[in-house]
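Notes follow the structure.
The values are calculated or read from the model by the stated rules, or taken from the named source; none is laboratory data. Bear in mind the structure is a predicted one, so any value in this text is a computation, not a measurement. In this analysis, Cβ positions are derived from the backbone assuming ideal geometry, glycine residues included, and neighbour counts consider all displayed protein chains. These area figures cover heavy atoms from the full protein model, side chains too; ligands, DNA and RNA do not enter into them. Shrake-Rupley method; radii C 1.70, N 1.55, O 1.52, S 1.80 Å.
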Amino acid sequence: MISLINVYDEPEAEVVLFDLLLERTPEQSISHLKMPTYDEHVAFVRSKPYQAWYLILHQQVFVGATYLTRQREIGLFIFNAYQDKGFGSLALIEMRCRHGEILANISPYNTASQEFFSKHGGKLIQLTYRLSAL
C-alpha cells in the first residue's frame with residue numbers, strides 16, 4: 001500500500017520535503033523556531049543529517065515523509081490532504097520493521113501526535129526542556 005523511497009536518491013525530494021514543511025503548524029515543530037528559507041532547507045537536506053530519511057509513496061503520489069535520527073528518534077509527517085487515511089500508521093510499522101526500536105520526541109502541544117504514538121504502543125519515558133542561552 002505504501003513504499004518508503006530514500007530521500008537521498010530521489011530527485012524530487014527537496015521540493016516535496018519543503019512543501020511538507022510549509023504545512024507544519026507551530027505545535028508540530030520542535031526542531032526549529034522559525035521557518036527556514038528554501039535554500040537553507042536544501043542545504044540541510046544535502047547535509048544528510050539523518051540515519052535514514054524516506055518519502056512515503058502511495059500510488060505514485062508522495063503522501064508524506066519519515067526519518068530516523070542517529071539517536072533513533074523518528075519524525076513522521078503526512079500531508080494534510082492525506083491525513084487520517086492510515087498512511088502514518090503504515091509508515092510507522094514499516095520504520096519499526098526496518099529499524100527496530102525507535103523513540104518519538106513530540107511537542108507537548110501536539111496532542112494528535114501524542115495520541116498517535118500512544119495508540120501504536122508508545123510509552124512516555126521523559127520530558128525534555130529547552131533552556132535558552134544566558
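Annotations for the structure displayed:
- Take the conditions (1) within 20 Å of LYS48 (Cα to Cα); (2) in contact with a strand residue (DSSP E or B) (Cβ under 6 Å, 6 or more places away or on another chain); PHE87 misses just one of them, which is (1).
- Selection count where residues are open to solvent by 80 Å² or more (accessible area, probe 1.4 Å), touching a residue at least 12 places away in the same chain (Cβ under 8 Å) and assigned to a helix (DSSP H, G or I), scope the range 94-124: 1
- Within the range 57-75, being hydrophobic (A, V, I, L, M, F, W, C) and in contact (Cβ under 8 Å) with a residue 24 or more places away in the chain holds for LEU57, PHE62, VAL63, ALA65, LEU68, ILE74.
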